[in-house]
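Take a look at the structure set out below.
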Amino acid sequence: MPFRFEDLQVWQKALELNDQINIAAEGFPKDELYALVNQMKRAADSVVLNIAEGSTGQTKAVFKVFLNYSLRSAVEVVSCLFIAKRRNYLTQEQFTILYNEYEILVKMITALRNSI
């Protein structure tokens, strides 16, 4: 693989979850397209993009900064999931699956950050 981030399990996990967020958001009402859907998708994208950007040609200190951005964006996605659940855009099962997967991702990002 030509880019360092492609080998990172944390990036692969974030990319997988990004797909799941996009699929889940397809079921949201159209009036949320430029509100909650947009916010949630941008946050999910940010997790993936910050891991990639920080890993490529940066110092360890800079990579840690970008991993912190990824963490914050992942927590933002989780907050969006709570809002979506309260508005009945997600079933309890959908919410639980995504919540648990983001919990794993946050732990992965944190472990990588702490290992640097």
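The table that follows gives values for the structure above.
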item: Considering residues of the range 84-93 that are out of contact with any helix residue (DSSP H, G or I) (no Cβ under 6 Å at 6 or more places or on another chain) and assigned to a helix (DSSP H, G or I) only, the residue farthest from Leu15 (Cα to Cα); result: Arg86
item: When residues of the range 1-41 are limited to those that are of a type in the set (A, V, I, L, M) and assigned to a loop (DSSP other than H, G, I, E, B), the one modelled with the lowest pLDDT; result: Met1
item: Residue check, Ser115 of a type outside the set (A, V, I, L, M, F, W, C) and either under 15 Å from the mean Cα position of the chain (by Cα) or within 23 Å of Pro2 (Cβ to Cβ) (or both); result: no
item: Condition broken by Ala44, with the remaining ones in (1) small (Gly, Ala, Ser); (2) crowded, with 20+ Cβ neighbours inside 10 Å; (3) at pLDDT below 95 satisfied; result: (3)
item: Count - residues of the range 89-109 that are free of Cβ contacts under 8 Å to residues at least 40 places away in the same chain and not aliphatic (A, V, I, L, M); result: 9
item: Options Ser79, Ser70; residue that is within 12 Å of the chain's Cα centre (by Cα), exposed (fewer than 14 other Cβ atoms within 10 Å of the Cβ) and of a type in the set (Gly, Ala, Ser); result: Ser79
item: Lone unmet requirement of (1) out of contact with any helix residue (DSSP H, G or I) (no Cβ under 6 Å at 6 or more places or on another chain); (2) touching a residue at least 40 places away in the same chain (Cβ under 8 Å) for Phe5; result: (1)
item: Selection count where residues are more than 15 Å from Leu15 (Cβ to Cβ), out of contact with any Asp or Glu (no Cβ under 9 Å at 6 or more places or on another chain) and not polar (S, T, N, Q), scope the range 64-78; result: 7
item: Qualifying residue in the range 82-91 (condition: of a type in the set (Gly, Ala, Ser), modelled with pLDDT of 95 or more and surrounded by fewer than 15 Cβ atoms within 10 Å (Cβ to Cβ)); result: no
item: Residue under evaluation Glu53, criteria (1) within 20 Å of Ala24 (Cα to Cα); (2) of a type in the set (Asp, Glu); (3) touching a helix residue (DSSP H, G or I) at 6+ places or on another chain (Cβ under 9 Å), criterion not met; result: (1)
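The values are calculated or read from the model by the stated rules, or taken from the named source; none is laboratory data. Note that the coordinates shown come from a computational prediction; the quantities given were computed from them, not determined experimentally. Note: ideal-geometry Cβ built from the backbone for every residue, glycine included; neighbour counts use all protein chains shown.
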